[in-house]
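S.K.: After the structure tokens below, expect a handful of questions from me.
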Ligand code: GDP
């Protein structure tokens, strides 16, 4: 077994461009020393960093495998912080595999999933939020979520966390010092204005919690269950809703999975729609997987749309499905085909039930539904562009808020206050992955001359 350090010192290689045929394909190599790879592959002794070279790529027996561009980045000024070589060959899977094999021959090993980004994180090129945002950017399902991921990658989210972290460190500094030097207790607290600092901190963390929630909605979207008998207008409604974004359906053509699941984008937010009409007994393996996922989505749904033909009303079958859904699941009753029933497009609230009257085919009342859907899942785009966030971040943020709130209600109990602030600091720092006790001590001793 290699030690972690040895493992990290390996030269790693992977095809960086997507699968399939393309004009150009990219292979990326990263490691502590790439001279053997460069010499063996390009027959050049040295590549100047950040300069594109047009070269032939050689096999062991001097046979030419392909020709293309190479770019060399000298660590730490590279994506991973190590030496990096980017090889641009012709984008054929066969050619790229030959180049890959050649790199393996020259001492590289295959990179693990996400290993380039992991090394970038371990070498301090990115924090955890930024590392995660790379994956989120690659998998973004709408322009809005891609933009949000880029904001996180550029450090917008991390920057806000760091700013609050600085305030936390500052506060902890006062409190810990007061604990260590109790004789100066009262004066210290008064001078430090702990309470007002806590108040400010609480205000800012609650604000950041709000934006993080928006970021998670944009990233995860919402799970919506749709109930309604055949011909009530489900497909028409989904098409009408998705109208503004053309790239609606992430169709996996040829499978029956899309019978039960469909994705639409409203205001940049992805909605996973699960059609309960597609949930049925089946022997088809692929369909079974789809249905299992659908049932899982139903269990964790955010909202249920009940579609009714306004001229006919709800069927027994619909009522049976509704009875099986969790009672706490918010339900939106949609009366379709009002062009036939003569109703006008509107929303009405009857007890806890929202009724929307619309026509999917004629496009009447669709805006009402869109706005209602967004509001129900907590989306508020008045804040402008948001950064993308993950559930992990939200959980850590909630924990931080809990401890800051506890600190606030115990601000006069120094021991408890210190403890709560420490918990808050650990929770918040876990988001960017930067916490270490040494940081705090360094901060304290560099800015505070305690010893006198
Ligand atoms: P699904 O089986 O629930 O997916 O229903 P479809 O969306 O396929 O619609 C069934 C039929 O109802 C189609 O002929 C639609 O054109 C029609 N339809 C859907 N919405 C409306 C509407 O608002 N008004 C009218 N008049 N017809 C509609």
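S.K.: Tell me, which residue of segment 343-362 that is assigned to a loop (DSSP other than H, G, I, E, B) and more than 33 Å from the chain's Cα centre (by Cα) is nearest to the ligand (Cβ to nearest atom)?
M.R.: Among those that are assigned to a loop (DSSP other than H, G, I, E, B) and more than 33 Å from the chain's Cα centre (by Cα), it is 361.
S.K.: Does segment 381-396 hold any residues that are more than 18 Å from the chain's Cα centre (by Cα) and either touching a residue at least 60 places away in the same chain (Cβ under 8 Å) or within 16 Å of the ligand (Cβ to nearest atom) (or both), and which are they?
M.R.: If the condition is that a residue be more than 18 Å from the chain's Cα centre (by Cα) and either touching a residue at least 60 places away in the same chain (Cβ under 8 Å) or within 16 Å of the ligand (Cβ to nearest atom) (or both), then 383 is the only one that fits.
S.K.: Among the residues of segment 218-237, write down those that are surrounded by 24 or more Cβ atoms within 10 Å (Cβ to Cβ) and within 16 Å of the chain's Cα centre (by Cα).
M.R.: 218, 219
S.K.: Sticking with this structure for a sec: Among (1) in contact (Cβ under 8 Å) with a residue 40 or more places away in the chain; (2) under 31 Å from the mean Cα position of the chain (by Cα), where does residue 40 come up short?
M.R.: (2)
S.K.: Separate question: Condition (residue is more than 16 Å from the ligand (Cβ to nearest atom) and out of contact with any strand residue (DSSP E or B) (no Cβ under 6 Å at 6 or more places or on another chain)) applied to segment 302-313: is it met by at least one residue?
M.R.: no
S.K.: Tell me, which residue of segment 244-275 that is in a loop (DSSP other than H, G, I, E, B) and at pLDDT 50 or above is surrounded by the fewest Cβ atoms within 10 Å (Cβ to Cβ)?
M.R.: Looking at residues that are in a loop (DSSP other than H, G, I, E, B) and at pLDDT 50 or above, I get 244.
S.K.: Inspect all residues belonging to segment 419-437 and state whether any of them is touching a strand residue (DSSP E or B) at 6+ places or on another chain (Cβ under 8 Å), surrounded by fewer than 21 Cβ atoms within 10 Å (Cβ to Cβ) and either assigned to a helix (DSSP H, G or I) or modelled with pLDDT under 90 (or both).
M.R.: No - not one qualifying residue is present in segment 419-437.
S.K.: Suppose we filter 322, 332 for residues that are within 30 Å of the chain's Cα centre (by Cα) and surrounded by 15 or more Cβ atoms within 10 Å (Cβ to Cβ); which single one remains?
M.R.: Result of the check over 322, 332: 332.
S.K.: For segment 371-389, which positions are surrounded by 22 or more Cβ atoms within 10 Å (Cβ to Cβ) and out of contact with any strand residue (DSSP E or B) (no Cβ under 7 Å at 6 or more places or on another chain)?
M.R.: 386, 387, 388, 389
S.K.: Any residue in segment 227-238 that is over 12 Å from residue 312 (Cβ atoms) and modelled with pLDDT of 85 or more sitting within a Cβ distance under 7 Å of a residue that is within 6 Å of the ligand (Cβ to nearest atom) and not in a loop (DSSP other than H, G, I, E, B)? List the pairs, counting only those 6 or more apart or interchain.
M.R.: Between residues of segment 227-238 that are over 12 Å from residue 312 (Cβ atoms) and modelled with pLDDT of 85 or more and residues that are within 6 Å of the ligand (Cβ to nearest atom) and not in a loop (DSSP other than H, G, I, E, B), the close pairs are 237/336.
S.K.: Going through segment 370-411 one residue at a time, which ones are closer than 28 Å to residue 226 by Cβ and not in a helix (DSSP H, G or I)?
M.R.: Selection gives 377, 378, 379, 380, 386, 388, 389, 390.
S.K.: Checking residue 353 against (1) out of contact with any strand residue (DSSP E or B) (no Cβ under 9 Å at 6 or more places or on another chain); (2) surrounded by fewer than 14 Cβ atoms within 10 Å (Cβ to Cβ); (3) modelled with pLDDT under 90: exactly one of these is not met. Which one?
M.R.: Condition not satisfied by residue 353: (1).
S.K.: With outside the structural domain of residue 304 (by TED's automatic domain parsing), touching a residue at least 60 places away in the same chain (Cβ under 8 Å) and either at negative phi or away from the ligand (no atom under 16 Å from the Cβ) (or both) as the only criterion, which of 369, 329, 399, 417 stands out?
M.R.: 417
The values are calculated or read from the model by the stated rules, or taken from the named source; none is laboratory data. Fair warning: this is a prediction, and the values are worked out from it, not measured in the lab. Glycine also receives a Cβ, built like all others from the backbone with ideal geometry; neighbour counts cover every protein chain displayed.
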